[in-house]
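**Student:** The structure is given below, and queries will be raised subsequently.
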Amino acid sequence: MSNGLWKWTIPILLFVVAYRYRYRVMNVMLGNFILRKLIVKFAMNIPGFRSKMIQSTFL
């Protein structure tokens, strides 16, 4: 029973901490050149995001 409780508690706590410090985590990730490059490359592979970015860039 205790093991099943930990399976739910730890992910919930990680989510709460990540949500609380989301802007700090985002600043750290975007402050690193290699991580920023990977994040932009990943985001540009999302069709909806890419079309919005291209549309707003080339008005």
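**Student:** Please enumerate the residues belonging to the stretch 27-48 that are open to solvent by less than 90 Å² (accessible area, probe 1.4 Å) and assigned to a helix (DSSP H, G or I). Break it down into steps so the answer makes sense when it comes.
**Tutor:** Taking the stretch 27-48 first, the residues open to solvent by less than 90 Å² (accessible area, probe 1.4 Å) are 29-32, 35, 39-40, 43-44, 46, 48.
Result: Met29, Leu30, Gly31, Leu35, Ile39, Val40, Ala43, Met44, Gly48.
**Student:** OK, next. Select from the stretch 3-35 the residues that are basic (Lys, Arg) and modelled with pLDDT under 90 and list them in ascending order. Lay out the reasoning, then the answer.
**Tutor:** Going residue by residue through the stretch 3-35, those that are basic (Lys, Arg) are 7, 20, 22, 24.
Of everything in the stretch 3-35, just one residue is basic (Lys, Arg) and modelled with pLDDT under 90, namely Lys7.
The values are calculated or read from the model by the stated rules, or taken from the named source; none is laboratory data. Fair warning: this is a prediction, and the values are worked out from it, not measured in the lab. The accessibility values were calculated without ligands, DNA or RNA, using every heavy atom of the protein model including side chains. Shrake-Rupley method; radii C 1.70, N 1.55, O 1.52, S 1.80 Å.
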